[in-house]
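S.K.: Just dropping this structure here.
The values are calculated or read from the model by the stated rules, or taken from the named source; none is laboratory data. Since this is a predicted model, take the numbers as computed values, not measurements. All Cβ positions, glycine included, derive from the backbone under ideal geometry; neighbour counts span all protein chains shown. In case anyone asks, the SASA skips ligands and DNA or RNA and just uses the protein heavy atoms, side chains included. Shrake-Rupley method; radii C 1.70, N 1.55, O 1.52, S 1.80 Å.
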Amino acid sequence: MGKYSKYIGISVLVVLLALVRWFQNDLFYDPYLLFFENDYLYIDSPRQETLKLVANTMFRFFINTVLSLSILYVFFKDWSIVKFSALIFFFSFLILMILYLYFVLDPKQEQYYLFFNVRRFLIQPILLLLLLPAFYYNRLNQ
C-alpha cells in the first residue's frame, strides 16, 4: 500500500468515526446525550429503557472499536498491534460496561461526573486517541 492510499484509508476511517458522532441522535438510543449537554449536576437522571440503552451503547462501542482497530492496522500494518489493541478494547469494555450498568441502574447525583466520563469512554473513540500515539512512540524508539 502506497503512502497516499494509506492516508486516504486513514482519512476515510476517521470520517466514518466522525459520521458516527455526527449522526449519533439518529443512529442510537441515548437519553443521556441531551442530559449531559445540560446542567446535569443539578437535575435528575432521565428515564430510559435500560435494555435498549445498554444494547445501543454496546453497538456504538463495537462500531468505534472496529473503526479504531482498522485505523491502527492501516497506520502500522502490524497484526500484533491490532491483536494487542483488541485485547485492550475487550478488557476496557468489560470494566467500563460493569461501571456503566452500575451508574445506569442506580443513578446518584453525586456520581454523575464519574458516570459522564465512563460513558464517554464507551461511546467515543478515546482509546484510539491513547493507543495511536503510544504505539507510534514505541515504534520510534525501536
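S.K.: Quick one: with all protein chains in place, what share of the accessible area of the chain is carbon or sulfur, to the nearest percent (1.4 Å probe)?
M.R.: Answer for the chain: carbon and sulfur cover 68 percent of the accessible area.
S.K.: Spelling out what I want: for every residue of the stretch 60-72, take phi, set θ = phi - 60°, compute 6.51 cos²θ - 1.76 cosθ + 1.60 (Karplus), and round to whole Hz; glycine and proline get x.
M.R.: 5, 4, 4, 4, 4, 5, 4, 5, 5, 5, 5, 4, 4
S.K.: Determine ³J(HN,Hα), in whole Hz, for all residues of the stretch 6-14 in sequence, where each value follows from phi through the Karplus function 6.51 cos²θ - 1.76 cosθ + 1.60 and θ = phi - 60°; x replaces Gly and Pro.
M.R.: 5, 5, 5, x, 5, 4, 4, 5, 5
S.K.: While we're on this one: SER11 accessible area, nearest 10 Å², 1.4 Å probe?
M.R.: Result for SER11: roughly 60 Å² accessible.
S.K.: Let me ask something else about it. First measure r as the distance between the Cβ atoms of THR50 and LEU129, then evaluate 1/(1 + (r/R0)^6) with R0 = 22 Å and state the FRET efficiency to the nearest 0.05.
M.R.: Given R0 = 22 Å and the Cβ-Cβ separation, E is 0.15.
S.K.: Then there is this: Show me the trypsin sites (Lys or Arg not before Pro) within the stretch 51-142 that DSSP assigns to loop and that have at most 16 other Cβ atoms within 10 Å of their Cβ. Before the final figure, lay out each step's value.
M.R.: Numbers: sites: LYS52, ARG60, LYS77, LYS83, LYS108, ARG119, ARG120, ARG139; in loops: LYS77, LYS108.
Qualifying residues, ordered by number: LYS77, LYS108.
S.K.: Residues of the stretch 36-142: accessible area per residue at 1.4 Å, in Å²?
M.R.: 61 Å²
S.K.: Taking 8 Å as the Cα distance limit and 6 or more residues as the minimum spacing, I'd like the relative contact order of the chain as a percentage.
M.R.: 30 percent
S.K.: Would you calculate the separation in nanometres between label points at ASP78 and ASN117, each defined as 7 Å from the Cα along the Cα-to-beta-carbon direction?
M.R.: 3.0 nm
S.K.: Roughly how big is the chain's charge dipole about its Cα centre, with Cβ charges of +1 (Lys, Arg) and -1 (Asp, Glu), in debye to the nearest 20? Intermediate values should be presented prior to the final figure.
M.R.: Values: 12 positive and 9 negative charges, 146 e Å.
In debye, rounded to 20, the chain gives about 700.
S.K.: Whole-Hz Karplus ³J(HN,Hα) for the stretch 119-133, in order, using 6.51 cos²θ - 1.76 cosθ + 1.60 and θ = phi - 60°, x for Gly and Pro?
M.R.: 4, 4, 5, 7, 9, 10, x, 5, 4, 4, 5, 8, 6, 4, x
S.K.: What does the charge add up to near LEU114, with Lys and Arg as +1, Asp and Glu as -1, over the other residues with Cβ less than 14 Å from its Cβ?
M.R.: Surrounding charge for LEU114 is +1.
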